[in-house]
1. Counting only residues that are more than 21 Å from LEU131 (Cβ to Cβ) and either touching a Gly at 6+ places or on another chain (Cβ under 8 Å) or in contact (Cβ under 8 Å) with a residue 60 or more places away in the chain (or both), which one in the range 30-79 is surrounded by the fewest Cβ atoms within 10 Å (Cβ to Cβ)?
2. All but one of (1) surrounded by 13 or more Cβ atoms within 10 Å (Cβ to Cβ); (2) of a type outside the set (S, T, N, Q); (3) on the phi > 0 side of the Ramachandran plot hold for HIS25; which doesn't?
3. Among the residues that make up the range 42-52, is at least one of them under 23 Å from ALA122 (Cα atoms), of a type in the set (D, E, K, R) and in a helix (DSSP H, G or I)?
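The values are calculated or read from the model by the stated rules, or taken from the named source; none is laboratory data. These numbers were taken from a predicted model, which means no experiment stands behind them. Here the Cβ positions follow ideal geometry from the backbone for every residue, glycine too, while neighbour counts run over all protein chains shown.
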Amino acid sequence: MQTRSELRQIAMTCLYQIDILKQTHLSYDVEEVLKENLSVDNEFVKDLVYGVITGENEIDEIANKYLKDWKINRLDKTGAAILRMAIYELKYMETPPIVVINEAVELAKKYTDEDLVKMINAVLDKFMKEL
């Protein structure tokens, strides 16, 4: 059984892959992307991936509101995937906010640079305070 941290990493990978496929105008099937990355069907990962995909415009508006002098489309794809996932989870899932923020920061530390870690932390902290 995988931990929630590992599942978030899988969801991030799926969202990253989908973003690349969209950018290169290649067709894709979300279910196939999920199957490629999941050894066992998992509702948490599916909720995150489908939630971010269907709510991307709203999620990006929230991110852009709190990104100082930046827009989410300027972030690298990994950082954007992490931020979108965390915003979705804060807004629509029952996970305690401190857990969501900590998990996002830990993923960002692993896959992005120090500046982006700080940016993601700041955006999520500001958004959490308005929930």
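1. Going through the qualifying residues, I end up with LYS77.
2. (1)
3. No, there is no match, as no residue in the range 42-52 is under 23 Å from ALA122 (Cα atoms), of a type in the set (D, E, K, R) and in a helix (DSSP H, G or I).
Condition check ((1) closer than 15 Å to THR13 by Cα; (2) at pLDDT 95 or above; (3) within 14 Å of the chain's Cα centre (by Cα); (4) among the aliphatic types (A, V, I, L, M)) across all residues:
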position: ASN73; (1), (2), (3), (4): no, no, yes, no
position: ILE82; (1), (2), (3), (4): yes, yes, yes, yes
position: TYR92; (1), (2), (3), (4): no, yes, yes, no
position: VAL100; (1), (2), (3), (4): no, yes, yes, yes
position: ALA108; (1), (2), (3), (4): yes, yes, yes, yes
position: VAL117; (1), (2), (3), (4): no, yes, yes, yes
position: ALA122; (1), (2), (3), (4): no, yes, no, yes
position: PHE127; (1), (2), (3), (4): no, yes, no, no
position: GLU130; (1), (2), (3), (4): no, no, no, no
